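The values are calculated or read from the model by the stated rules, or taken from the named source; none is laboratory data. Predicted model only: the values in this text are computed from it and were never measured. Ideal geometry is used to build each Cβ from the backbone, glycine not excepted, and the neighbour counts take in all protein chains shown. In case anyone asks, the SASA skips ligands and DNA or RNA and just uses the protein heavy atoms, side chains included. Shrake-Rupley method; radii C 1.70, N 1.55, O 1.52, S 1.80 Å.
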Amino acid sequence: GKTLIVTGAASGIGAATAALVQRQGANVISVDINPPRQVVGTFFQADLSDQASIDRLVAALPAGVHGLANIAGLPPTRPAEAVVAVNLVGLKYLTTQLVPKLADGASIVNLASLAGMGWADAKAQVDASANLDFGDVPAFCKAHGIEGPRSYFFSKEALIVWTMQNRWTWRARGIRMNSVSPGPVDTPILKDFLETLGARAEEDMKTMDRPGTPDDIAPVVAFLLSDGAAWIRGTNVPTDGGMFSNVMCQIN
Ligand code: NAI
């Protein structure tokens, strides 16, 4: 089987993805800041908001890995700098540092969000973050008014755009990258979303028959990691129980 790295594997969507791809025959490498209650495959502890910690992780990981699922993320209730560091800067850094160790033809999947799909309205802010380093995050957030829940939306907007921009970056080696954008999924993060977004989120939730579960998202990530998705490249796959069409496109 393939060797696949899953970050955020200690909880929620990451845990479900690690378990699913293992059942499908993959050799799983789980990464998280917290040790999982039930380890799937081999576990590496790392803080993906910290450059030195990512450097140690990349040095320790084996070469020839066939896929990377970037699922670790912080919710909008956490400090803005931490959200941008984990969800965007750390994710991009881990990915670019790891590419030389990936096998040719590898697939990278980034967990974005429905919260990032309004990226076109924030393109200038997103473009300004293109070369953002860990140390510059606090000043960047301050300069761009990225505070509170905006940090979460911004991190996911920039992630979707970065995924599209890099569709050909590793073309010579056949490495492709895509993102998945879930609507509200019932994980420990869900109550943070509802808390931060308040009444609007409650209303939006009513447009769906039910919230998602981690098992609604894991198969989509697993598919994008697989060879069956070889011609899906540099795009974003909404997986949201119909919420995008309703809430963001106003198609009733
Ligand atoms: P979760 O809280 O259950 O899992 C997130 C995992 O990321 C945790 O195990 C946590 O320890 C890990 N993590 C956080 N900071 C880290 C760091 N600095 N270094 C290493 N690991 C770290 O949340 P969930 O819902 O499974 O979220 C997974 C991804 O899906 C996130 O990127 C989230 O933004 C995204 N997402 C979640 C939605 C939801 O409604 N639950 C909706 C849309 C996107």
Phi-based couplings in Hz for segment 212-219 (Karplus 6.51, -1.76, 1.60; Gly and Pro marked x)
x, 10, x, 6, 7, 9, 3, x
Solvent-accessible area per residue, Å², over the chain with all protein chains present [probe radius 1.4 Å]
45 Å²
When the chain is treated as a GNM, springs tying every alpha-carbon pair under 10 Å, which of 198, 174, 116 comes out with the largest mean-square fluctuation?
198
Please report the relative contact order for segment 1-140, taking Cα pairs under 8 Å with a sequence separation of at least 6, and give it as a percent rounded to a whole number.
23 percent
Among the lysines in the chain, how many pairs, 8 or more places apart or on different chains, have alpha carbons under 27 Å apart?
15
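How large is the Rg to Rh ratio of segment 3-248 when both quantities use alpha carbon positions and Rh follows Kirkwood?
Values: Rg = 16.7 Å, Rh = 17.9 Å.
Computed over Cα atoms, the ratio is 0.94.
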Separation of alpha-carbon centers, segment 142-211 and segment 1-50, rounded to whole Å
20 Å
Using helices alone, I'd like the mean residue ellipticity at 222 nm for the chain: each DSSP H run of four-plus residues gives -39500 (n - 2.57), total over residue count, nearest 500.
-11000 deg cm²/dmol
Which net charge results when you count Lys and Arg as +1 and Asp and Glu as -1 among the other residues whose beta-carbon is under 13 Å from that of residue 144?
-2
